[in-house]
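Below is one structure, written out as structure tokens; comments come after it.
Every read-out reported here was derived from the displayed coordinates using simple, explicitly stated rules and does not represent laboratory data. Worth saying up front: this structure is predicted, and the values here are computed from it rather than measured. Here the Cβ positions follow ideal geometry from the backbone for every residue, glycine too, while neighbour counts run over all protein chains shown.
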Amino acid sequence: MINQSLTYREALRIAIEEAMNADERVVLLGEDVGNYGGCYAVSKGLSETFGSNRIIDTPLSESGFVGAGIGAAIGGMRPIVEIMTVNFSLLALDQIVNNAATIRHMSGNQVSIPLVIRMATGAGKQLAAQHSHSLENWYAHVPGIKVLAPATVADARYMLGMALKDPNPVMFFEHVMLYNESATTPAPEDCPDMCSAIVRKIGTDISLVTYGGSLPKALEAARQLAQQDVSVEVIDLRSLRPLDTDTLFRSVEKTHRLLVVDEGWRTGSLAGELCALVAENCFWSLDAPPIRVCSEEVPIPYPKHLEDAVTPQVAKIVEAVLGLLKQEIVS
Amino acid sequence: MQTDTNKIQTGTNKIHMDIAHIKFLFKQMLRIRRFEEKCAELYTEEKIRGFLHLYIGEEAVAVGIMQALKPEDAVFGTYREHGHALARGLSMDNVMSEMFGKVTGSSRGRGGSMHIFDVEKQFYGGNAIVAGALPLAVGLALANKMQNKKNVVVCFFGEGAVAEGEFHESLNLAKLWHLPILFVCENNGYAMGTALAISESEQHIFRKAQSYGLAAHAVDGMNVVEVESAASQYCNSIRNGDGPCLLECNTYRFRGHSMFDTQLYRKADEVEEWKSKGPIKKLKRWLEANDKLSADELIEIEDEVAAEINQAIVFAEGSQLEEISDLYLGVYAEEES
Amino acid sequence: MKILTMPSFGSDMATGTLAQWHVKEGQKVSKGNIIASIDTMKGLIDMEVFDNGTIDSLLASEGEELDIGAPIAQLRLLSENKASASNIEKPIVVNILGTDADADTDIDAIAKANINSTANNVSQSKQEANTKKEEARTELSEQSQDAQPNKPLFVSPAARKRALELGLDWRQLEHGHGPAGAIILQDIEAAQNTNVQSSSQPENSLQLEKSLQLEKSLQLKTVSQPKAITETKPTPAEMMRQAISANVSRSKREIPHYYLQLDVVLNKALDCLSIHNANLPPSKRILVNALVYCAIARSLTTFPAFNGFYNDGQYHASDEVHLGNAISLRTGGLIIASIHNAHRLGAVELMDKITDQVTRAREGGLTMSEVQDATVTVSNLGDRGSDSIQSIIFPPQVAIFGIGRPRKMPWIIDDEIVCATIVNISLAADHRVSDGHSGARLLNKINKLLQTPEKLI
């Protein structure tokens, strides 16, 4: 099967299937994961393969079934809890932040919670304000959980398995615009580990750092900028907690400039955290202020032209880079 | 409060208890009572800090329920869980030490009064979010079922938790998935300062559970024997695979919600009335009336309890605080499993 | 005796008011009795007693507000009595420290003292660190103020770091190519490439040293260390050139120059020299410049307004004349080599000095003091130079002489036309310190000395 292509969603499905075949402790719980085949068709067909005991359709009780996932992990299972989208995860925030994140440390390192919570995230489908959030930074804020944002088919394929082997609670964010992305069937070498950032494109003039659904936009912007003789280095964070600061700092020390693309709102964004880290650690290497392209500070609107105006776009990224490199002479 | 017995598919109606066992129950309750009283004193002296929620008056519930449990069963509690921890068999030294915030505490001193954990004793806290532990308990019961373990999971909570969505989600899931879990609602009439009457349209908690299809009824939470009896029946039924149950225990806390409580929300004579039918008093009266407890025996019990508590204080006082350099220990697990 | 103290009912509670006593002195109490009502921000809370005994004395009055832990009563405990089963003894560890009454306060006092001293140490060392930081910052800002009196100049961190590595003073650049005219990396690279020098002026180079050192010490630790510089370092001459060019710009801006010149007849001087040089090898011969320098140096001893330093609105005349000789380098740079105490040297010694300095300057071997402390400068373009030079004063000096090339001219001496060798000596001086009248007298003095050349040898 050489040169076969795989979509992001298919990659996830294969990963879940592989994990469930290898370890009978792995189960999948979530709304509509079974009979419906998954809201984003990730778990399509799995119910037929594994049965309703292991592919569990839950009622609309986010707090209940996320908490149950935590309890099941405590009890020796390896559950994958699917929250349909990050928008609904707010109903389970208490269980995630007050239980999953705290119990190991709070109990004096006694209790283990080997749990993976997957959810779709992001905007771009004109789903309006309540269905378009990017709240990865809220979770990345909390010690005790790990937060991943696979942006490529390879990462979708292999990071999930790694997350399941990790003894900590791991949040796994799948951007809605990535499900249909396809690539040639990846090999395990394409996904080195769970916590490293990867330089997707080497460059010298500026470090363009991003994660998740913004990666394709960043790469396209880099392509366009290359035509204007601007050499952009694109970094895919992959892991939002912990952050691979080594890769980040090495890049900025080389290029002397930073631009972060983050679909969250600018205020309190993860991009802000990255800029602060770079300002703290790479200050003397900077030749320009660290800047960010984020979503405009409005609830994400429904009509396409407004949704596009709010969220990061290729043109905005290009403009931001050129603006940063623009030269002025004071007369 | 009436007890409304639901039909339970069990073998026996009453369990047989001998005097030794009843005396054991008495001592267990007294032990908790004296411990809590001592904690109150230590708290006013600022030896114990943060919040302190005393179990005084409710001892019969924890003690009664624990008799029905085996070591492999699991317990989830609330922030008012000292009594449950002691009744479950956690060392008083470790519990006291935990309250003092010392590294020898059951959670290395990190949790304090509200977060007592002991995985060996299958004691999972200690949770400060009202109703926060119910979904966890459901999850552990789910794990047990999936792994074909016959263990029971017991989840304690107050009647205040019933207002939270998680109560309803958890009972629904438990019944839907036919889980081996016993929900124990300690109904002491007040959620902090809010009386049940002004918070729930349906004040009989067991009826809510019945509406979800659980076997459920209410018992006199001041009667340790009644509590043990009901718990045993339900646990047998659960081990039998009959699905989740809820036991409502009507009880009363003699102290405020926490130490810093002016108790403006209830009348002093109500408190006195409940004190007169408190669980320890009740059982003591019964034992004495039946010549089963002499004055000397009582003194002996009190002395033993006092000695254990003293020893726990000495242990706690003499223990070290956790090294600050260990701060990050346990934020994440290191090893793959 | 046990001291009963104001109880804590919660972490929010800092004080409590003893609203009402429910016991009297001498009253027997049992464990659990309510002995007082305490008023807190949340309202009244009952205070219980935890031991059996008798109230010995009440130490607080109704209505009194007290800190948590403050004594409010004394309780005489019931003596050891097995019958009173609920009398739990105080833990042994407490009793070791003394009587019951003192025990708690002792532990607390010791603990508090320990905590306080630690806290003091921490806050002290914090303060010290902060003061040091403040001092460093003030020093740095003062210096940058000295260097940049008027305009705030932006420089990127990368540019600053590169300048540090190259030993360049970025403050010498007026603007850069970054946003809002900020100096960025490329400006430093460009500056380095045009052989700019760091500083030759004494004050400025000292400032530069200091501020460069300070910048080094204020540098934050980076995750990966900067790579070693692989470009070739500029020669000291090149670095000095930069400072001179910056200095002349500043000089033209700040110093109100006035210009005088005098044509001096060198006939007697030349005659004197040809006699002196007659039997000497070329290396020992004195050139006429040495005579001129000597005349200038000696004249300046009686004209202090032309020999010294003008700084911060004040002029300080120098007792010595350190004559700065402007030496041009083959690489295109210019260096001012100072001849120390030139006023005490004869033309022979001056000649030696000049020759030696020119050689060493061209080899890059001048000492620090030779390039730092000239009190006045002489500029001389030599035989291939122009007839006259109008020079620019090197601040903080206040005068500069320009020596034109000696040229043969028809001249009127004693109403007769003669063939004379004329040299134009110009004087540019700082009008804040001197005026044309004294400048003219100075030039005339120099002329006079050159008419008795044998006294200068």
Charge dipole (the range C:2-89, unit charges on Cβ, about Cα centre) - positive-most of C:23, C:68, C:11: C:23
With only Lys, Arg, Asp and Glu charged, each at its Cβ (+1 for the first two, -1 for the last two), find how big the charge dipole of the protein assembly as shown is about the Cα centre; round to the nearest 20 debye. 2980 debye
Kindly flag which residue pairs out of B:47/B:284; B:38/C:28; B:23/B:70; B:23/B:282; B:102/C:31 have an alpha-carbon separation exceeding 23 Å in this structure. B:47/B:284; B:102/C:31
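Taking every residue in A:279-289, how many Cβ atoms of other protein chains lie within 10 Å of its Cβ, on average?
6
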Computed [θ] at 222 nm, deg cm²/dmol, chain B (DSSP H ≥ 4; -39,500 (n - 2.57); rounded to nearest 500): -13000 deg cm²/dmol
Equivalent ellipsoid semi-axes for the range A:217-331, as square roots of 5 times the alpha carbon gyration tensor eigenvalues: give them largest first, rounded to whole Å. 23, 19, 14
Could you list A:152, A:121 so that the one with the fewest beta carbons within 10 Å of its beta carbon is first and the one with the most is last? A:152, A:121
Eigenvalues of the Cα gyration tensor times 5, then square-rooted: what semi-axes does that give for the protein assembly as shown, in whole angstrom, largest first? 88, 42, 21
How many angstrom lie between the C-alpha centres of the range C:337-356 and the range C:252-309? 11 Å
What's the Kirkwood radius of the range B:22-137 in Å, using all Cα pairs? 14.0 Å
May I ask for log10 I(q)/I(0) of the range B:117-194 at q = 0.13, 0.16 Å⁻¹, from a Debye sum over the Cα atoms as equal point scatterers with solvent left out? -0.39, -0.58
Near residue C:26, within a Cβ-to-Cβ distance under 15 Å, what is the net charge of the other residues, with Lys and Arg +1 and Asp and Glu -1? +1
Ignore the peptide's own chain and count Cβ atoms of other chains within 10 Å of each Cβ in A:53-61; give me the average, rounded. 3
Let's test the formula: R0 of 22 Å, r as the Cβ-Cβ distance of residue B:211 and residue B:163. What FRET efficiency results, to the nearest 0.05? 0.90
In whole Å, what are the extents of the range C:255-455 along the principal axes defined by its C-alpha atoms, from largest to smallest? 50, 40, 30
Space enclosed by the convex hull of the alpha-carbon atoms of chain B, per residue, Å³: 140 Å³
Say we join alpha carbon atoms closer than 10 Å with springs in a Gaussian network model of chain A; which of A:171, A:106, A:84 then has the biggest fluctuation? A:106
Peptide ranges C:320-327, C:378-385, A:52-59 listed from the most packed, as the mean C-beta count within 10 angstrom indicates: C:320-327, A:52-59, C:378-385
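What number, in percent, do you get for the relative contact order of chain B if the mean sequence gap of Cα pairs under 8 Å and at least 6 apart is divided by its residue count?
23 percent
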Toy charge model, Lys and Arg Cβ at +1, Asp and Glu Cβ at -1: chain A dipole around Cα centroid in debye, rounded to 20, equals 160 debye
Distance in nm between label sites at residue B:265 and residue B:149, each 7 Å beyond Cα in the beta-carbon direction? 3.6 nm
The range C:2-89 - convex hull of alpha carbons, volume per residue in Å³: 87 Å³
How large is the charge dipole for chain B, taken about the Cα centre, if only the Cβ atoms of Lys, Arg (+1) and Asp, Glu (-1) carry charge, to the nearest 20 debye? 900 debye
Peptide A:18-25 - average C-beta neighbours from other chains (10 Å radius): 1
As a test of understanding, state the convex hull volume per residue of the range A:5-189 from its alpha carbons, in Å³. 110 Å³
Taking the Cα atoms of the range A:1-85 alone, what are Rg (to one decimal) and Dmax (as a whole number) in Å? 13.1, 44
Loop-located chymotrypsin sites (Phe, Trp or Tyr not before Pro) in the range A:21-77 whose Cβ has at most 16 other Cβ within 10 Å (DSSP): A:36
Restricting the range B:297-337 to chymotrypsin sites (Phe, Trp or Tyr not before Pro) in coil, as DSSP defines it, with at most 15 other Cβ within 10 Å: B:328
